[in-house]
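Remarks on the structure that follows.
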Amino acid sequence: MKVAIHQPHYFPWLGYLNKMASVDEFIILDEVQLSDSTNMCRNRFLTKSGKERYLTVSFEKKDYMKKRFCDVKLNKEVNWQQDHKNFLIDTYGKLPSFDEVWQEISHIFEESYETVYEVSMDSIFALRKLLDIRTPLMYQSAIDYCKEAKKNDLVLSLCEAVHAKSYLSGNGARNYMQVDSFVKKGIIVEFQEFSHPCYPQAFSSVFIPNLSSLDLLFNCGIEMSRYIFWNNIRKQ
């Protein structure tokens, strides 16, 4: 069984979903800490002028680094849902494919959430449905692993706990991942070889990669987005 492991992201980019669709089981890290420098609570979009903009889910900053990600509360004093909703409608609303995509994600801007984790996971569920990704999800909190393990050892402990035969790692981990420790446990380490597919973007004549996957869906529609997404996986 091949597994991949990752924190939840807010409407993640195509590389995240590519990794999810390329394995037999995908483990969600719901007990790690939230980091401001990751996309656990944000992602990038294009404005109508072709500039990049982050949409960020606002959360309570007090002691958040001492909490599990699944326990970090939303900042109820900031109406991020209305802000994100207004931006997406204003930016993508006149594109031909907007309505079919919007009906699958609009609930995220109406639900009464308590934690950032709930928001990020609902955004992932929506994208899984839109792109027809059926890889089973497992949750760190539901796995019997070594709770004291960190970084490389945490990944290894989770792989052992679910009896993984191979682990698909992000390419960026090549320089620091201790592959030998996996080999000693009989686990093959593979590194993701992801080449970002190009598609027409309404607001840029030069293709801008690494945006939220919603950019593909709004620009190309569900059927074409699925074709682009899965055809890119077949090329790997």
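The values are calculated or read from the model by the stated rules, or taken from the named source; none is laboratory data. Computed from a prediction, not measured in an experiment: that's the story for all the values here. No Cβ is skipped: glycine too gets one built from the backbone with ideal geometry, and neighbour counts run over all protein chains shown. Each accessible area value is taken on the protein alone, full model and side chains, heavy atoms only, with ligands, DNA and RNA left out. Shrake-Rupley method; radii C 1.70, N 1.55, O 1.52, S 1.80 Å.
Spin-label model, Glu110/Lys61: points 7 Å from Cα along the beta carbon direction are separated by 3.3 nm. If both residues of a DSSP beta bridge must be in region 1-86, then about 60% of such bridges are antiparallel.
Quantify, in whole percent, the carbon and sulfur part of the accessible surface of region 1-136 (1.4 Å probe; protein heavy atoms only).
44 percent
Approximating the spin labels as points 7 Å out from Cα along Cα→Cβ, the Ile143-to-Thr38 distance works out to 1.3 nm. Accessible area per residue was computed with a 1.4 Å probe on protein heavy atoms; Thr56 scores about 60 Å².
Ellipticity at 222 nm from helices only: DSSP H runs of n ≥ 4 in the chain, each -39500 (n - 2.57), divided by the residue count, give -11000 deg cm²/dmol. Here, the chain has an Rg and a Dmax of 18.1, 55 Å when only alpha carbons are counted. Here r is the Cβ-Cβ distance between Val78 and Asp99 and R0 is 30 Å; the resulting FRET efficiency, rounded to 0.05, is 0.60. Computed as a quarter of the hull surface, the mean projected area of the alpha carbon convex hull for region 1-132 stands at 8.6 nm². Straight-line cross-link reach from Lys129 at under 24 Å between alpha-carbon atoms covers these lysines, not counting any fewer than eight positions away in the same chain: Lys2, Lys19, Lys85, Lys94, Lys235. Met65 sits with roughly 90 Å² accessible to a 1.4 Å probe, with DNA, RNA and ligands left out of the calculation.
Compute the distance in nm between two label points, each set 7 Å from the Cα along the Cα-to-Cβ direction, one at Ile222 and one at Asn152. Roughly 4.4 nm, to one decimal. Per residue, the chain exposes 50 Å² of accessible surface when a 1.4 Å probe is rolled over the protein heavy atoms with every protein chain present.
Ordering of 14-21, 212-219, 227-234, 121-128 by packing is 212-219, 14-21, 121-128, 227-234, highest average first (other Cβ atoms within 10 Å, averaged per residue). Computed over protein heavy atoms with a 1.4 angstrom probe, the accessible surface ordering of Thr38, Thr115, largest first, is Thr38, Thr115. Shape descriptor for region 34-109: Rg over Rh equals 1.02 (Cα atoms; Rh from the Kirkwood inverse mean 1/r). A viscosity of 1.567 mPa s and a temperature of 4 °C, combined with the Kirkwood radius over C-alpha pairs in the Stokes-Einstein formula, give region 154-236 a diffusion coefficient of 85 µm²/s.
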